[in-house]
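Report on one structure; see the data block that follows.
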Amino acid sequence: MSTNSSHAAMSSKPPSWFHKNRIKLAPWLFLAPGLIFFSIYVIAPIFQSIWISFFEWDGLGDKEWVGLGNYVELLDDDRFYTSLINNVWWLVLYMLAVPAGLAIALFLNQTVTGIRLYKSLFFFPFVISQVVVGLIFTWFYNPSFGIVGIVWEFFGAKPPSILGDEDLVTFGIIFAGLWPQIAYCMILYLTGLNNVSPDQVEAARLDNARGWKMLWYVILPQLKPATFIAVVVTIIGALRSFDLIAIMTQGGPYGSSNVLAYFMYESALSEYGFRMGYGSAIATVLFLIMMVYISFFLWRMYQDEKN
């Protein structure tokens with residue numbers, strides 16, 4: 001009798017808080033390892049970099065507090081404005097990768113003979129290293145034996161030294177960067193096109209929608225998620241461009257092809273720098289610029305989803 005009463009008491013005991021909220025807690029438990037690593041290796045270094053930007057530090061000795069001194073010096077540095085203008089050019093011209101990737105994806109989404117071969121050829125730039133891309137275009141632009149030199153000489157003109165010309169070098173590197181970036185946007189749009197509703201396409205055809213009308217009113221609205229990712233990734237890629245500059249010009253000639261990411265490296269880590277505080281100030285400015293663009297697109301996407 002006492003055993004039955006004890007079992008009844010245990011069964012009538014209210015469930016614990018953890019038991020009641022186990023469904024809500026389960027996703028967070030799975031996300032916890034990733035969130036911990038993200039906090040340690042991404043979030044914490046961001047705040048450390050911002051903190052270091054208020055010091056003059058060579059990375060080894062004692063830190064010297066300078067407050068906003070590094071930022072004031074940055075505003076008087078011509079190299080900073082050159083890098084910032086070049087980043088703007090990267091940002092504007094790199095956005096050409098989005099419509100170009102869409103156009104190629106629409107072409108490759110057809111069922112024609114040899115389409116797998118075409119897909120492989122367009123996909124190739126995405127899988128090779130940026131270092132390889134930089135070397136290929138460095139040879140491509142060489143006025144002595146590159147394709148550009150051969151074409152110019154064929155027409156009887158003197159070939160330009162694209163990577164040696166202060167006015168052309170940034171555009172030459174951007175063109176090299178567009179090659180793999182277009183391939184990346186193409187992959188995003190090909191994935192999006194696989195998810196386009198065939199029912200909506202058939203309904204639009206019954207309403208005599210063809211060509212641009214079909215693309216604008218039926219296909220593109222369904223590609224909004226792919227467009228959002230393509231735009232955000234392209235913006236981040238343009239603002240953090242580093243490897244192509246490091247391989248092709250090292251910021252030259254005379255710093256004319258510098259961007260903020262390479263200027264940060266040059267100031268903080270190269271043999272010309274070891275000014276960790278100044279490099280951190282450049283990194284903070286670059287981070288804030290990225291946050292403005294990313295926050296804007298996230299807000300736009302939130303508004304679209306809400307509406």
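The values are calculated or read from the model by the stated rules, or taken from the named source; none is laboratory data. Keep in mind the model is a prediction, meaning the values are calculated, not measured. Cβ placement follows ideal geometry from the backbone for every residue including glycine, while neighbour counts extend to all protein chains displayed.
Worth pointing out:
- Looking only at the range 109-132, and only at residues there that are closer than 16 Å to G177 by Cβ and surrounded by 12 or more Cβ atoms within 10 Å (Cβ to Cβ), the one that is modelled with the lowest pLDDT: F126
- Looking only at the range 16-36, and only at residues there that are surrounded by 11 or more Cβ atoms within 10 Å (Cβ to Cβ) and in contact with a helix residue (DSSP H, G or I) (Cβ under 9 Å, 6 or more places away or on another chain), the one that is nearest to V285 (Cα to Cα): L35
- Selection status of L163, in a helix (DSSP H, G or I), touching a Phe, Trp or Tyr at 6+ places or on another chain (Cβ under 7 Å) and crowded, with 19+ Cβ neighbours inside 10 Å: yes
- Within the range 141-164, the set of residues being without any contact (Cβ under 8 Å) to a residue 40 or more places away in the chain and under 25 Å from L239 (Cβ atoms) comprises Y141, I162.
- Contact map, the range 119-130: first residue within 14 Å of A105 (Cα to Cα), second residue surrounded by fewer than 16 Cβ atoms within 10 Å (Cβ to Cβ) and not charged (D, E, K, R), Cβ cut-off under 9 Å, separation 6 or more or different chains; pairs are F122/F107.
- Qualifying residue in the range 37-47 (condition: assigned to a loop (DSSP other than H, G, I, E, B), surrounded by 12 or more Cβ atoms within 10 Å (Cβ to Cβ) and not acidic (D, E)): no
- Residues that are under 19 Å from A246 (Cα atoms) and hydroxyl-bearing (S, T, Y) within the range 82-133 comprise T82, S83, Y94, S129, listed in sequence order.
- Note on the range 201-221: residues that are over 32 Å from the mean Cα position of the chain (by Cα) and under 24 Å from N307 (Cα atoms) amount to 2.
- In the range 261-307, residue modelled with the lowest pLDDT [restricted to those that are loosely packed, with under 14 Cβ neighbours inside 10 Å and of a type in the set (A, V, I, L, M)]: L298
Results for (1) closer than 30 Å to L168 by Cβ; (2) in contact with a Lys or Arg (Cβ under 9 Å, 6 or more places away or on another chain), shown as yes or no for each residue.
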| position | (1), (2) |
| --- | --- |
| T249 | yes, no |
| Y262 | yes, no |
| A268 | yes, yes |
| F296 | no, no |
| Q303 | no, no |
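- For the range 146-158, filtered to residues that are exposed (fewer than 15 other Cβ atoms within 10 Å of the Cβ) and more than 16 Å from M248 (Cβ to Cβ), the residue that is farthest from the chain's Cα centre (by Cα) is G156.
- Apart from one condition, E64 fits all of (1) surrounded by 15 or more Cβ atoms within 10 Å (Cβ to Cβ); (2) touching an Asp or Glu at 6+ places or on another chain (Cβ under 7 Å); the exception is (1).
- Positions within the range 126-150 being out of contact with any Pro (no Cβ under 8 Å at 6 or more places or on another chain) and among the aromatic types (F, W, Y), in sequence order: F137, W139, F140, Y141, F145
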